[in-house]
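Worksheet: one structure, shown below.
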Amino acid sequence: MIKNYIFDIDGTLINTIDMYMPAMIEILEKYGFHTDPAEVEQKKHDLFGITGLDALKIAGVADEKMRRQMQQEWFKLAYQREDRVKVFEGIPETLLELSQRPDTQIAIATSKLRDEYDNHFANLFTFANLFDIVITSNDTDRHKPDPDPVLAALSQMHGDPETAVYVGDTVNDEKAAHAAGVKFAAALYGAATPEKIMDGDFLLHQPADLLNI
């Protein structure tokens, strides 16, 4: 029986790909990292759901100082498009029901920066108040697909891996979950590439499917 539910945010609770990823392509172009038009959509999907610094490194930005400068510009541009963010239908109701179950905890383990979480996500969405435990990319040295964020959340929950699940939308989420020894619930409803996570322990076609695992 699952008692500890740990959630990713982007692509799992809210749809943010249209806020983040076109802005990333623009910043890469500004700094001379050209993307062939035929490869833009694939790059958006491949680099979504990991930390900004990791995404830029994979995109070919080797210099750390440059990556940090580009990340700042990228996020500034992205948050000018915050009106593109949508909550996945059924998320608030599902989270509320889980939070009210006895002996059940819900937590966040996200690649977002702490500042992003506090000043944007938590301020915009009232259901954020349901989470007592929040692990951001500032809270661990290693990030998904390493298990550290999931393990940090589980530790604060004092949870047993056998009764825990990580809910995410990417293959990196799945790798992090299994490396942490917890089950993976694949948020197919929000995944940019759902075919890559069809081997998840639980397949979620809608958020309410979580209530039946």
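Here are the numbers for the structure shown:
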item: Acute angle (nearest 10 degrees) that the helix 91-100 long axis makes with the longest principal axis of the chain, alpha-carbon atoms; result: 40
item: Global geometry of the stretch 74-213, whether rounded, prolate or oblate, following the gyration tensor of its Cα atoms and the 1.5 cut on a/c; result: rounded
item: Gaussian network model of the chain, Cα within-10 Å springs - most flexible of N172, N138, N129; result: N129
item: Amide H contacts under 5 Å for V167, placed H, 5+ residues apart; result: I6, F7, D8, A185
item: Principal-axis tilt of helix 148-157 within the chain, Cα atoms, nearest 10 degrees; result: 30
item: Local net charge near I2, Cβ-Cβ under 15 Å (Lys/Arg +1, Asp/Glu -1); result: -3
item: Net charge over other residues, Cβ less than 10 angstrom from the Cβ of K175 (K, R count +1; D, E count -1); result: -2
item: Helix-only [θ]222 nm of the chain, DSSP H runs n ≥ 4, -39500 (n - 2.57) each, per residue, nearest 500; result: -10000 deg cm²/dmol
item: Surface accessible to a 1.4 Å probe, T126 within the full protein complex, Å²; result: 120
item: 17 Å Cα-Cα reach of K43 towards lysines, excluding residues that sit fewer than 8 places from it in its own chain; result: K30, K57, K196
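The values are calculated or read from the model by the stated rules, or taken from the named source; none is laboratory data. Because the structure is predicted, anything quoted here is derived from the model rather than measured. No Cβ is skipped: glycine too gets one built from the backbone with ideal geometry, and neighbour counts run over all protein chains shown. To get the accessible areas, we keep the full protein, side chains included, count just its heavy atoms, and leave off ligands, DNA and RNA. Shrake-Rupley method; radii C 1.70, N 1.55, O 1.52, S 1.80 Å.
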